[in-house]
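Have a look at the structure below, then the notes.
Here, each number is a calculation from the coordinates, and none is a lab measurement. Model, not experiment: these values are computed from the prediction. Positions of Cβ are generated from backbone atoms using ideal geometry, with glycine treated the same way; all protein chains shown enter the neighbour counts.
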């Protein structure tokens, strides 16, 4: 998984763009972060559990990417 942050325009918000190997780019929706990330990370049940039980949230995207990369 490759993580990146981007942004632009007049809104002060961060966008997260993820890519797993050569798959399509994935941008989790801010309001649906938990649902989107659980679906995207289906192959890493430990991370899905941490997102589901609120150990990790949108503020932990860097940690989520690091932990996913370590698990593969």
note = Note on region 25-72: alpha-carbon gyration tensor, axes a ≥ b ≥ c; rule is a/c under 1.5 for rounded, else prolate if a/b larger than b/c, else oblate; result rounded
message = Only counting other Cβ atoms within 10 Å, I'd like 29, 66 sorted with the fewest neighbours first.
response = 29, 66
